[in-house]
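See below for the structure under consideration.
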Amino acid sequence: MKKKPFMPNQQAQYALWHDNIKTTATVAVPGVTAADVTAIAADNAAIHAKLTVANAADKAASSAHADLNAAIATSKTHARPMIKNVKNNAAYTVPQGKLMGIEGPDDPTDMTQEAPSLNANPKTSGVVEVGFNKMLAEGVHVQSMRDGDAGFTFLASETHSPYVDNRPLLVAGKPETRHYRAVFFIGKAEIGLMSDVVSIVAQP
């Protein structure tokens, strides 16, 4: 049976999980080396340094969250092989794994290769409800293009489906075609692939 990931996906929860790894992954644990401990400590310091910067930044500081995601990604390249060694060690026990936070259901989902699925439902007065899935992301960045637009532009950052597009019609009383697409985000950084385009006719 496949298991879900033991590593949290969201940044704050991952930082707490990594704090626990830093505390519990000692050379006394079979499979953990002194080099592992050093790398984990350095990664933990980097994560918290970036997290402090990210938390202090406003919504426009997307680069800080991108840096944090990069630090988390780097830490995973160190944590995963160490955890594999721990689990493959003959002395490994499930209680030890639970203490370290590395026991849990697996899920092979790779968010860098996933795209949102969208649907659009026209209401009255130009309102359109855009439904979406989040998978393991925090939400989606919605883009839109409508009659007369040169291309897609950012419309909204949404964490709960559906997103309600309540822009008035370009010409009062005249239906218009609107196109929507979206991409996942975690923190302030986008992740994964752009969704397929969903088109709908907004009604008066």
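No lab work stands behind these numbers, since they all come straight from the coordinates. Since this is a predicted model, take the numbers as computed values, not measurements. Here the Cβ positions follow ideal geometry from the backbone for every residue, glycine too, while neighbour counts run over all protein chains shown.
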Could you size up the charge dipole of the stretch 111-202 around its Cα centre, putting +1 on the beta carbon of Lys and Arg and -1 on that of Asp and Glu, and report it in debye to the nearest 20?
180
Residue farthest toward the positive end of the dipole of the stretch 111-202, with Cβ of Lys/Arg at +1 and Asp/Glu at -1: which of ALA172, MET135, ALA202?
ALA172
Can you give me the span-like helices of the chain, meaning DSSP H runs with 15 Å or more of Cα extent along the axis and Kyte-Doolittle mean at or above 0.5?
34-56
Just how large is the dipole of the stretch 11-100 about the Cα centre, in debye to the nearest 20, putting +1 at every Lys and Arg Cβ and -1 at every Asp and Glu Cβ?
280
Relative contact order (%) - criterion: Cα under 8 Å, at least six apart; region: the chain
22
Which FRET efficiency value, to the nearest 0.05, is calculated for SER199 and GLU138 with the Förster distance at 30 angstrom and r the Cβ-Cβ distance?
0.70
Report the charge-dipole magnitude of the chain in Debye, nearest 20, computed about the Cα centre from +1 at each Lys and Arg Cβ and -1 at each Asp and Glu Cβ.
300
Here are some pairs, LYS22/LYS134; LYS50/LYS134; LYS4/LYS98; LYS84/LYS188; LYS98/LYS134; which of them have Cα atoms lying more than 22 Å apart in this structure?
LYS22/LYS134; LYS50/LYS134; LYS84/LYS188; LYS98/LYS134
Yeah, the chain with a ≥ b ≥ c from its alpha-carbon gyration tensor (a/c under 1.5 is rounded, else prolate when a/b outruns b/c, oblate otherwise) is prolate
Rounded to the angstrom and largest first, Cα extents along the principal axes for the stretch 111-202 equal 41, 25, 19
The stretch 11-100: radius of gyration over Cα atoms, expressed as a fraction of 2.2 N^0.38 Å
1.18
Zone reached by a paramagnetic label modelled 7 Å from THR93 Cα along Cα→Cβ, restricted to the stretch 4-33 with backbone N below 14 Å, covers 29-30
Hey, if you put +1 on the Cβ of every Lys and Arg and -1 on every Asp and Glu Cβ in the stretch 11-100, which of ALA70, ALA35, ASN88 ends up farthest toward the positive end of that dipole?
ASN88
